[in-house]
Amino acid sequence: MTGDPARGWVTTSLDGPVLTVTLDRAEQLNAQTPETWHALAEIGATLPDEVRVVLVRGAGRAFSAGLDRSLFATDPDLPGGLGALLALGDDGARERIRGYQDGFRWLRTPGIVSVAVVQGHAIGAGAQLALACDLRVCGTEATFSLPEARLGLVPDLTGTSTLVQAVGYSRALEMCLTGRKVGAAEALASGLATVVVPTEELEDAVATLVAGIVGPDVRASRETAALVRAAAATDTDAQDAAERAAQVRRLHALVEQAPRSRG
């Protein structure tokens, strides 16, 4: 089944305890829209009890190139754009972003292990989606970047807390402020990637990892995962709220700076 624009080009398939979630918009490098995030949130809210592993992947040659370009529109009459988001008012914009964050935060739900399968670009929202997962299995050509600050925005899809957890404060700060591309080798060395293999070996590496995750007793596995998560956790609710507030401030600045269209 191909991706439906009304569902953000997101498809799913279930194979026993493994749910595969695919961004299925290969011709647009799996660019994301609000519909993408709503679809992801719905998947998380309706997750079958038997699921133990969630694989998140992108169709084609990229994981996700980030936001659909239409979302950068500052005209308040264009649905889904930055201007329309700000037109909701500050409280409304923060609440709308909270709903978007729901599409990412469930990937660390107790009881499952989420794995991003990253080939090609994972940029902006794409990098944040990969970071939302517990583990990241990458091909050697994979690249990550968080260019939001260079675009006048901030990472607001749960990416700041998950990036710090993955690579530490100093490297996370440098990555977010410069927006530079991080290749697979550096991603592995820094902790951003869990496994890096040649692209032709990516599927085998994923299969081996999944087999290892589902092998132990389900109760022991879930108890162990809960302990590790608790040891690594930051106050993610407060961090998500801080992302929302910062993004609303940036939206004000961008809309004020944007040239006005003439009727």
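The values are calculated or read from the model by the stated rules, or taken from the named source; none is laboratory data. None of these values were measured; they are calculated from a predicted model. Positions of Cβ are generated from backbone atoms using ideal geometry, with glycine treated the same way; all protein chains shown enter the neighbour counts.
Side notes on the structure shown:
- Some residue of region 97-107 being touching a residue at least 40 places away in the same chain (Cβ under 8 Å), under 21 Å from Gly191 (Cα atoms) and not hydrophobic (A, V, I, L, M, F, W, C): yes
- Residues in region 1-34 that are farther than 26 Å from Ile213 by Cβ and touching a Lys or Arg at 6+ places or on another chain (Cβ under 6 Å) were compared, and the one that is modelled with the lowest pLDDT is Gly3.
- Unique match (being free of Cβ contacts under 8 Å to residues at least 40 places away in the same chain and assigned to a strand (DSSP E or B)) among Leu71, Leu14, Leu55: Leu14
- Flag not set for Asp240, criterion: closer than 22 Å to Cys133 by Cβ, assigned to a loop (DSSP other than H, G, I, E, B) and not hydrophobic (A, V, I, L, M, F, W, C).
- Scan of region 77-98 for residues that are over 12 Å from Ala241 (Cα atoms) and of a type in the set (D, E, K, R), ordered by number: Asp77, Asp90
- The number of residues in region 134-185 being in a strand (DSSP E or B) and either among the aromatic types (Phe, Trp, Tyr) or crowded, with 19+ Cβ neighbours inside 10 Å (or both) comes to 8.
- Scanning region 77-94 for residues that are without any contact (Cβ under 8 Å) to a residue 60 or more places away in the chain and over 17 Å from Leu151 (Cβ atoms) turns up Asp77, Leu78, Pro79, Ala84, Ala87, Leu88, Gly89, Asp91, Gly92.
- Subset of region 1-38 [aromatic (Phe, Trp, Tyr) and at negative phi]: Trp37
- Scanning region 163-210 for residues that are within 16 Å of Phe63 (Cβ to Cβ), of a type in the set (Ser, Thr, Tyr) and out of contact with any Lys or Arg (no Cβ under 8 Å at 6 or more places or on another chain) returns a single hit, Thr199.
- Of residues in region 232-259 being at pLDDT 85 or above and of a type in the set (Gly, Ala, Ser), the one nearest to Ala87 (Cα to Cα): Ala253
- For region 25-52, a tally of residues being more than 17 Å from Leu67 (Cβ to Cβ) and assigned to a loop (DSSP other than H, G, I, E, B) returns 7.
- Taken over region 42-75, the criterion of being of a type in the set (S, T, N, Q), buried (at least 16 other Cβ atoms within 10 Å of the Cβ) and either more than 14 Å from Gly8 (Cβ to Cβ) or at pLDDT below 95 (or both) is satisfied by Thr74 alone.
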